[in-house]
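No value in this document is a laboratory result; all are computed from the given coordinates. Since this is a predicted model, take the numbers as computed values, not measurements. Neighbour counts are summed over all protein chains in view; Cβ atoms, including those assigned to glycine, are modelled from backbone coordinates with ideal geometry.
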Amino acid sequence: MRAGDEAFEALRRAVGDFAEAEAAELVAEARADARAKVRSILSEAMTQALLDRSQAELAGHAAAPAPAPSRPAREPVATAAAEHSTDELAWYLYCVVGDADFALPAELRGVDAAHSVSVLSDGELAGVVSRVPLSDFGEDTLREHLNDVAWLEATARAHEQVLEEVRSLTTVIPMRLCTIYRSESNLRETLGRERVAFTEALLRLEAKAEWGLKIFMDPAGVESAAAAGGELTRFDAEHADVSAGQAYMRRRQRDSLLRTAVERLVDRCIDDAHARMAGLAVEALSNPLQRPEVTGRGGQMVLNGVYLVADASAEAFTSLAQDLAAQYHPLGFDVQVTGPWPPYNFVKSSIEAAW
């Protein structure tokens, strides 16, 4: 069989058709995989943002935390326990603790307000749990709920309220939002199988909490501070008297110098702030920056630092944050300290923070 032969050409056409079909199928599969990955990333980012917002809201009511926050999107779930009487119930795990000898408030409700929060002991470990209906928290329904911002917000607030209550009583390993077990035996199996990892994590996190430092910049304020000295001042002095024909190029040069000066100022401030705060922490991380529509406030976020801080260092940590706020405010930066929170960002393994 040679090129040009009828049989050869027919074979080449067949191979081409096959390759085209395979390519189309591969592209479709890749597109589906990409969409699934993007959906997962967006869900994770949205969940973390909602937890951040929930934490901030709880912080605003820290002086009187007893009442659980309202859940505007959850009324159909919480109308009456009778609604769930024929519905299969699963176990929602909020956190793992190493001390079951503490008393939860009797009125503390779970993410499904028809069910209260309880402690499920298993040897030296215990899980803080509540029951949830699979009609609302089953795999298929839950996937739909992750696209519902109102549902996510209400659930995140309720989840965070439980964690804050327990964290005030003992060391916690926080679970991510919507960590569901179909049966008590499955939950106990996990506690038993990962006993060593959980125990090590509890020791590492004991007497520590997560704190955050967020820095926002006012572009106009930062530009003004960046332009107040150095190369830009010399440039303005040297080009104070230019012809009309030179003015355009001068503006272009100055804009470029200003952008560089702003970038240097921002980098210098956030590097300094993060390093100084990390010096008072056991561990420190820099999380992805959040957009204004997520933070719920004006200004561009330039630092989203999180720090695992020993309780004994908490006062020094907040004092340093106040010093940074005073130092950077004239430069166009707004420094915001948050916490203390359950150590979401410092649970190391997938077991400690499993979905």
Could you tally the net charge around His274, taking each other residue with its Cβ under 12 Å from the Cβ of His274, Lys/Arg +1 and Asp/Glu -1? 0
Quick one: net charge around Pro105, please, counting Lys, Arg +1 and Asp, Glu -1 for every other residue with C-beta under 13 Å from its C-beta. -2
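All other residues with a Cβ under 10 Å from the Cβ of Leu308 taken together, and with Lys, Arg as +1 and Asp, Glu as -1, what is their net charge?
Working: positive: Arg204, Lys208; negative: Glu210, Glu283.
Result for the neighbourhood of Leu308: 0.
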Please list 3J(HN,Hα) in residue order for the stretch 265-275, calculated via the Karplus relation 6.51 cos²θ - 1.76 cosθ + 1.60 where θ = phi - 60°; whole Hz, with x for glycine and proline. 5, 4, 4, 5, 5, 6, 5, 5, 5, 5, 5
Would you mind getting me the FRET efficiency between Asp272 and Ser168? Use the beta-carbon distance for r and R0 = 25 Å, nearest 0.05. 0.15
